[in-house]
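Have a look at the structure below, then the notes.
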Amino acid sequence: MTKKSSTGFKRIVKAAGFSWQGITSSFKNEAAFRQEVLLAAVLIPLAFYLDVSQVERILMISAIVLVMVVELINTAIEAVVDRIGSEHHELSGMAKDVGSAAVFICLVLAGYVWLDILFL
């Protein structure tokens, strides 16, 4: 018997619930994500307080949000790799390292955007 899938608004509500579960799970289990949420909680309101153009404000906030998005993706990669097995494998290590590198590049980008807008 085939399972009837949700459609329309009900599907959107269920998807939002799954997304919220992912955010709360990441917040509970990932120190880096908690730190980035704290950073966002300080910097996003600060972006609204600063005397910058609307485009600059959008860039500043987007750079911070991008860090959190990539951290969530990195967390997903790590969870899948850990689920597959605990033994060391070159490709597993590479997947985790590349995910970490993506977060690092986003952090550098966010720092550059904020410093360039505020000081250069």
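So with the 1.4 Å probe, I'd like the accessible area per residue for the stretch 1-68, rounded to whole Å².
On the way: 5200 Å² over 68 residues.
Result: 77 Å² of accessible area for each residue.
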Would you calculate a helix-derived [θ] at 222 nm for the chain, using -39,500 (n - 2.57) for each DSSP H run of n ≥ 4 and dividing by the full residue count, to the nearest 500? -30000 deg cm²/dmol
Can you give me the angle between helix 90-119 and the longest principal axis of the chain, using Cα atoms only, in degrees from 0 to 90, rounded to the nearest 10? 20
Quick one: compute the contact order of the stretch 31-119, relative version, from alpha carbon pairs under 8 angstrom and 6+ residues apart, as a percent. 35
What is the angle, in °, between the Cα long axis of helix 54-84 and the longest principal axis of the Cα atoms in the chain? Nearest 10 is fine, range 0 to 90. 30
Pull up the cross-link candidates among the aspartates and glutamates for residue 96, meaning alpha carbon to alpha carbon under 15 Å and not fewer than 8 places away within one chain. 30, 71, 78, 82, 87
Could you work out how far helix 31-49 tilts from the main Cα principal axis of the chain, as a 0 to 90 degree angle to the nearest 10? 40
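Calculate what fraction, in whole %, of the accessible area of the stretch 31-119 sits on carbon and sulfur atoms when a 1.4 Å probe is rolled over the protein chains. Let's see the in-between values first.
Working: 4130 of 5820 Å².
Here it works out to 71 percent.
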In whole Å, what are the Cα extents of the chain along the three principal axes, biggest one first? 60, 43, 21
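Please give the per residue accessible area of the stretch 77-120, computed with a probe of 1.4 Å over protein heavy atoms only, in Å². Numbers along the way, then the final one.
On the way: 3350 Å² over 44 residues.
That works out to 76 Å² for each residue.
The values are calculated or read from the model by the stated rules, or taken from the named source; none is laboratory data. Worth saying up front: this structure is predicted, and the values here are computed from it rather than measured. Calculation scope for accessible area: heavy atoms of the full protein, side chains included, ligands and nucleic acids excluded. Shrake-Rupley method; radii C 1.70, N 1.55, O 1.52, S 1.80 Å.
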